[in-house]
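The values are calculated or read from the model by the stated rules, or taken from the named source; none is laboratory data. What you are looking at is a predicted structure, and each value in this text was computed from that prediction instead of being measured. Heads up, the Cβs are rebuilt from the backbone with ideal geometry, glycines too, and the neighbour counts pull from every protein chain shown. Note: accessible area is taken over every heavy atom of the protein model, side chains too, but ligands, DNA and RNA are not part of it. Shrake-Rupley method; radii C 1.70, N 1.55, O 1.52, S 1.80 Å.
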Amino acid sequence: MTATTNATVAAGTVSGGDAVITLDHVSVTFHERGRAIEAVKDVSLAVAEGEVYGIVGFSGAGKSTLVRTINLLERPTAGRVLIDGRDVTALKGGALRDLRKRIGFIFQGFNLIGNVTVGENIAFALKAGGWPKNGRKARIGELLRLVGLESKEDSYPSSLSGGQQQRVSIARALANKPEILLCDEATSALDLETTEEILALLKRINRELGITIVFITHQLDVAKTVFDHVAVMEHGRIVEQGATFDVFAEPAHDTTRALVERYLGVAVPPQLVPSLPAGTIVELRYKGDDALEPLISEVARAHDVTIDVLHANVEYFGAQAIGTLLVLVSGDDAPRAAALAALRARVYGYRELDRRALAAGTRDETESEA
Ligand SMILES: Nc1ncnc2c1ncn2[C@@H]1O[C@H](COP(=O)(O)OP(=O)(O)O)[C@@H](O)[C@H]1O
Ligand SMILES: [Mg+2]
């Protein structure tokens, strides 16, 4: 492995340098019944050693296809895949098997073999990875301890809960001591509590074993919990990326904004909208510890308008908070305009929302970012 680094590498920068995984202008095009499907279009990215690199996006964005190019389960139609700076795009046979040993993979569906025990599921992976026969038993015990399932070695997958099955598939993925773990919607089939347990386990694996993780999800609550770096995918392209907090706190792209909106779920119940007094409905975003209440009352007083708080929400991304406040500003036209301008100048996210869209339960708004 290359030296540890926390450097983030900008999109499109391809040095191979300290990145563990580098995708260099990777495209994947499928051909189906005479039709070309461009699942991944010219994606370049670099994953630094030891980070949790996340990819989010709606269904069909190309996330799974992209991540499958990293272990060459999907061959790029164009572009290169580099692992530790070495071009692996054309590897075959034994060299490809060796590469895959260094890259564990877990999925939403666990993919355990049903008619053999938990221990045997892991034994298959050890055998495939060339683990010495006399060391396998001990290694299975070690792996099951790591994932908290030491008592389940002789159980069959069907007797385990979804969370336990995912733990087994994590143990299996780690069997041959990979440097990289790819997770494709690994928590999407689990309930909330189990999801949190699996995320805690993956975070521990990342920190304690130093395994670099690439994690795909369409769930923003997962993304905000574990990702150091996030890339947002849409129609085969990465449309935005950066430190997770920055991307989610100040989405620059419509897709990111749509994901955040859906997640933050700040809304007025549509049936209440018609009964609201006349005025302008505004969504205000703020970061960290800024409390908006003093600002609200100050602006209301200074401009002689009424400002009602319709909805307030604070979400934590790591240790940092993003607050959202939905307010109704009412009063005469001129003071109302002055009050809105004053609010707009003091927050970092400002949007006037369209009443008809709110009443219809959609979030279409008259765009107006601060
Ligand atoms: N093996 C395949 N053959 C043909 N089309 C595929 C194949 N795999 C994925 N696709 C298509 O590629 C696009 C991206 O799919 P996918 O990578 O699974 O997206 P995501 O994981 O973001 O939901 C979709 O339009 C999907 O139908
Ligand atoms: Mg997918």
Study note, to complete from the structure: Restricting the range 48-89 to residues that are of a type in the set (D, E, K, R) and within 9 Å of ligand 1 (Cβ to nearest atom), the one least open to solvent (accessible area, probe 1.4 Å) turns out to be LYS63
**Study point:** Residue match in the range 217-224 (condition: surrounded by fewer than 20 Cβ atoms within 10 Å (Cβ to Cβ), within 16 Å of ligand 1 (Cβ to nearest atom) and either without any contact (Cβ under 8 Å) to a residue 24 or more places away in the chain or not basic (Lys, Arg) (or both))
**Key:** yes
Practice item. Taking the options ALA300, ALA321, ALA249, name whichever one is in contact (Cβ under 8 Å) with a residue 24 or more places away in the chain, aliphatic (A, V, I, L, M) and assigned by TED's automatic domain parsing to the domain that holds SER44. Key: ALA249
Exercise for review: For the range 197-204, state whether one or more residues are over 20 Å from LYS63 (Cα atoms) and open to solvent by less than 30 Å² (accessible area, probe 1.4 Å).
Suggested key: yes
Practice item. Inspect the range 59-66 for any residue being among the β-branched types (Val, Ile, Thr) and at pLDDT below 95 and give the result as yes or no. Key: no
**Study point:** Tally, over the range 129-151, of residues that are assigned to a helix (DSSP H, G or I) and touching a residue at least 40 places away in the same chain (Cβ under 8 Å)
**Key:** 1
Exercise for review: Identify, by number, the condition in (1) at positive phi; (2) within 16 Å of ligand 2 (Cβ to nearest atom); (3) not aliphatic (A, V, I, L, M) that GLY79 doesn't meet.
Suggested key: (2)
Check your understanding: Are any of the residues in the range 55-71 out of contact with any Ser or Thr (no Cβ under 7 Å at 6 or more places or on another chain), away from ligand 2 (no atom under 16 Å from the Cβ) and assigned by TED's automatic domain parsing to the domain that holds LYS203?
Key -> no
**Study point:** Single residue of VAL230, VAL214 found to be open to solvent by less than 10 Å² (accessible area, probe 1.4 Å) and either outside any strand (DSSP E or B) or within 17 Å of ILE103 (Cα to Cα) (or both)
**Key:** VAL214
Review point. Restricting the range 90-108 to residues that are free of Cβ contacts under 8 Å to residues at least 12 places away in the same chain and among the hydrophobic types (A, V, I, L, M, F, W, C), which is most open to solvent (accessible area, probe 1.4 Å)?
Key: ALA90
**Study point:** ASP154, sole failed condition from (1) open to solvent by less than 70 Å² (accessible area, probe 1.4 Å); (2) in a loop (DSSP other than H, G, I, E, B); (3) not assigned by TED's automatic domain parsing to the domain that holds VAL239
**Key:** (1)
Exercise for review: Test each condition in (1) open to solvent by 80 Å² or more (accessible area, probe 1.4 Å); (2) not in a loop (DSSP other than H, G, I, E, B) for ASN111 and report the one that comes out false.
Suggested key: (2)
